[in-house]
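Asks: Okay, handing you the structure first.
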Amino acid sequence: MEKPLFPSKNMRITQGYEEGTHRDSYAIDNAGADYGIEPIYAPYTGVVKKIYENDANEVWLESIEPVEYPDGTVDYMTMMFGHCNDVSNLYVGKKINQNEAFYQEGTKGNATGNHCHIECGKGKFTGSGWVKNNSGFWSIENRKKPEECLWIDDSIKVLDNNGYTFKKIENKKPTEFVDKTFIAPKTDLYGVYLKKNQKVKIEKLSQ
Ligand SMILES: [Zn+2]
């Protein structure tokens, strides 16, 4: 099962949720390493559900399968991205693979400087995808805080997390065996680094 990944390789959150134009929403703006335009990577394998070209070229991506939230919850996820200058490569129904660069930072709509507006929603795409909140801003349906939805891993540089702590996916390091007995502490997938001609024997233990 996929763990949704933060969609930029450079986390630099320039506006958090409940701030300014993000009042009454859990939207964040990510501006990447610098003022240039950086790609936005699909956090999970998903399908494009809606494209709204009249404003900030907002794109809604719904996960194809349920995903694992950082608190262990399993559910579908729908995210909305904004400000890409050109979405002509996208269409409703297009399938995007996890980690595929499918969107970009930009300035389309109400934006000062290249960045991507990011919102997370729990569950599948519903209704028109967004609702007008109490402050008059359009915000994703079933909104949820980004740090309660997205994971980070070693491929993501955290430059400024705006005080939000994202859970990290730890890479499983292979264990080297040298005439050693290793008893698996729990049922899981284990990696073994083997040198040429080295032999590993898996023993079935009686219950
Ligand atoms: Zn924004």
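Derivation of every value follows stated rules applied to the coordinates shown; laboratory data play no part. In this text the structure is predicted, and so the values were computed from the model without any measurement. As a convention, Cβ positions derive from the backbone with ideal geometry for all residues, glycine included, and neighbour counts pool all protein chains shown.
Asks: Relative to the compact globular guide of 2.2 N^0.38 Å, what is the alpha carbon radius of gyration of the stretch 1-69, as a ratio?
Replies: In units of the 2.2 N^0.38 Å rule of thumb, it is 1.22.
Asks: Rounded to the nearest 5, what % of DSSP beta bridges with both residues in the stretch 10-168 are antiparallel?
Replies: If I count the DSSP bridges inside the stretch 10-168, around 85 percent turn out antiparallel.
Asks: A further question follows. 5 Å is the cut-off here: which amide hydrogens, built 1.01 Å from N in the peptide plane, fall below it relative to residue 115, excluding neighbours closer than 5 in sequence?
Replies: So residue 115 has HN proximity to 106.
Asks: Among all the aspartates and glutamates, which ones have a C-alpha under 15 Å from residue 49's C-alpha, if same-chain residues fewer than 8 places away are not counted?
Replies: Of all the aspartates and glutamates, those that pass the test against residue 49 - Cα under 15 Å, at least 8 places apart if same chain - are 58, 62, 65, 119, 141.
Asks: In which sequence would 92, 67 go, from the one with the fewest C-beta neighbours within 10 Å to the one with the most?
Replies: 92, 67
Asks: Using the beta-carbon distance between residue 201 and residue 65 and R0 = 35 Å, what value does 1/(1 + (r/R0)^6) give for FRET efficiency, to the nearest 0.05?
Replies: 0.45
Asks: Cα-Cα over 18 Å: which of 145/168; 124/145; 94/168?
Replies: Violating the 18 Å Cα-Cα cut-off are 94/168.
Asks: Give me the distance in nm between label points sitting 7 Å out from Cα along the Cα-to-Cβ direction at residue 88 and residue 112, one decimal.
Replies: Roughly 3.1 nm, to one decimal.
Asks: Remind me, relative contact order of the chain in percent, using alpha carbon pairs under 8 angstrom and six or more residues apart?
Replies: Here the relative contact order equals 23 percent.
Asks: Where does each of 182, 125, 166 land when they are ranked from fewest to most other beta-carbon atoms within 10 angstrom?
Replies: Arranged by neighbour count, lowest to highest, 182, 125, 166 become 182, 166, 125.
Asks: Then there's this: Between residue 190 and residue 9, what FRET efficiency comes out of the Förster formula 1/(1 + (r/R0)^6) with R0 = 30 Å and r the beta carbon distance, rounded to 0.05?
Replies: It comes out at approximately 0.55.
Asks: What's the longest piece of the chain with no exposed GluC sites (Glu not before Pro), counting a site as exposed if DSSP puts it in a loop and it has at most 16 other beta carbons within 10 Å?
Replies: Formally, the longest exposed-site-free interval is 101-169.
Asks: When only alpha-carbon atoms count, how far does the stretch 1-124 stretch along each of its three principal axes, as whole angstroms with the largest first?
Replies: 36, 31, 25
Asks: In whole Hz, with x marking every Gly and Pro, tabulate ³J(HN,Hα) for the stretch 111-119 from phi via Karplus 6.51 cos²θ - 1.76 cosθ + 1.60, θ = phi - 60°.
Replies: Using θ = phi - 60°, the values come out as 9, 10, x, 5, 7, 10, 8, 10, 9 Hz.
Asks: Considering the chain, what Rg and Dmax in Å follow from its alpha-carbon atoms?
Replies: Cα only, the chain: 20.2, 67 Å (Rg, Dmax).
Asks: For the residues 1, 77, 11, what sequence is obtained by ranking on other C-beta atoms within 10 Å, fewest first?
Replies: Fewest-to-most ranking of 1, 77, 11: 1, 11, 77.
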